[in-house]
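Worksheet for the structure shown next.
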Ligand SMILES: Nc1ncnc2c1ncn2[C@@H]1O[C@H](COP(=O)(O)OP(=O)(O)OP(=O)(O)O)[C@@H](O)[C@H]1O
Ligand SMILES: [Mg+2]
């Protein structure tokens, strides 16, 4: 087991009698990319603010790398990088100056800061515009600058609140790659997003929040299996002749979880991509394979299922 980076216990937040976050229990370890999902108003941003110590919990506890953000704000700030929904910079300073300011706040020696800032500007693709005042940058460029900014202090944990919103497709690829690279270096990431296919691509685990409650939590594979009864894949086949013998034979193929049939079509749930084994079996049983389609469950399906 890796080092525990985020641990919350019955974490709750109430605004004037309205419960925005209700008894949330999270346990996130070093190097994980945790997808934090849920509809508008579910309580994602409120949770992040509590993790950062920017808003006090109404009840329950938070520990970030063993520190309580309310009682030890400096220890927590030192290790956490935060990309808010709306990134804020000094608009009259240019991109580079903003990063220099962050470096100074984090007591980075000037020389080290200079090199680091150059590398980061290039990593996020802003080298060409780094001398422009931030107010002249586009929304996507500011978002990229926000990502460079959280990297300056070598955080242990980064909280990204919708990091790809307003970014062009190429930029999204860059951000997903940057995020995956962060995790590879042992940085823990909480990736809050409505873009389920992006989350599915990079997250190791997800939590789905609804009206302040964590309604699902775990590896996408496992959630998929639980939410959509059966295996990870669904293979739909059309054969010339559906009969019980064929159904029974298919059920015996290793990895097949279930077989449902109708006149010509069979729906096979399985844990592996068994297309090769299945087509071989059909041909060997003197049947004709007329069509075959494979579908892997998606995070989108899990999301719809747990929120329905
Ligand atoms: N400062 C506040 N005062 C009162 N209510 C608040 C405050 N901040 C958030 N809320 C309420 O708490 C609930 C959760 O809001 P939050 O911003 O955490 O949702 P979210 O999951 O981040 O949503 P989105 O996907 O739209 O960003 C909402 O009902 C919101 O209206
Ligand atoms: Mg939010």
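Before moving on, here are some points about what is shown:
- Qualifying strands (runs of 3 or more DSSP E) (wholly inside segment 207-308; at least 3 residues being under 26 Å from the mean Cα position of the chain (by Cα)): 213-218, 289-296
- Members of segment 12-49 found to be surrounded by 22 or more Cβ atoms within 10 Å (Cβ to Cβ) and more than 12 Å from ligand 1 (Cβ to nearest atom), listed by number: 28, 33, 34, 35
- Scan segment 248-298 for residues that are farther than 30 Å from residue 201 by Cβ and surrounded by 14 or more Cβ atoms within 10 Å (Cβ to Cβ) and the total you get is 11.
- First in segment 83-100 and within 21 Å of residue 52 (Cα to Cα), second anywhere and more than 16 Å from ligand 2 (Cβ to nearest atom) and in a loop (DSSP other than H, G, I, E, B), Cβ under 9 Å, 6 or more apart: 89/137; 99/130; 99/152
- Qualifying residue in segment 51-65 (condition: more than 16 Å from ligand 1 (Cβ to nearest atom) and either surrounded by 19 or more Cβ atoms within 10 Å (Cβ to Cβ) or assigned to a loop (DSSP other than H, G, I, E, B) (or both)): yes
- Residue selection: residue 49 satisfies the criterion of being within 12 Å of ligand 2 (Cβ to nearest atom), out of contact with any strand residue (DSSP E or B) (no Cβ under 6 Å at 6 or more places or on another chain) and under 27 Å from residue 223 (Cβ atoms).
Residues checked against (1) buried (at least 17 other Cβ atoms within 10 Å of the Cβ); (2) within 16 Å of residue 308 (Cα to Cα); (3) in contact with a helix residue (DSSP H, G or I) (Cβ under 6 Å, 6 or more places away or on another chain):
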residue: 195; (1), (2), (3): yes, no, no
residue: 203; (1), (2), (3): yes, no, no
residue: 223; (1), (2), (3): yes, yes, yes
residue: 226; (1), (2), (3): no, yes, no
residue: 234; (1), (2), (3): yes, no, no
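- Applying the criterion of at least 3 residues that are out of contact with any helix residue (DSSP H, G or I) (no Cβ under 8 Å at 6 or more places or on another chain) to the strands (runs of 3 or more DSSP E) found wholly in segment 1-48 leaves 4-15, 18-24, 27-29.
- In segment 184-194, the residues that are in a loop (DSSP other than H, G, I, E, B) and either outside the structural domain of residue 26 (by TED's automatic domain parsing) or under 22 Å from residue 4 (Cβ atoms) (or both): 185, 186, 187
- Among the residues making up segment 159-183, those that are more than 16 Å from ligand 2 (Cβ to nearest atom), in contact (Cβ under 8 Å) with a residue 24 or more places away in the chain and either outside the structural domain of residue 40 (by TED's automatic domain parsing) or farther than 21 Å from residue 130 by Cα (or both) are 176, 179, 180, 182, 183.
- Out of 102, 14, 61, 8, sole residue that is over 25 Å from the mean Cα position of the chain (by Cα), away from ligand 2 (no atom under 16 Å from the Cβ) and at pLDDT 95 or above: 14
The values are calculated or read from the model by the stated rules, or taken from the named source; none is laboratory data. Remember, it's a predicted structure, so these values are computed and weren't measured experimentally. Note: ideal-geometry Cβ built from the backbone for every residue, glycine included; neighbour counts use all protein chains shown.
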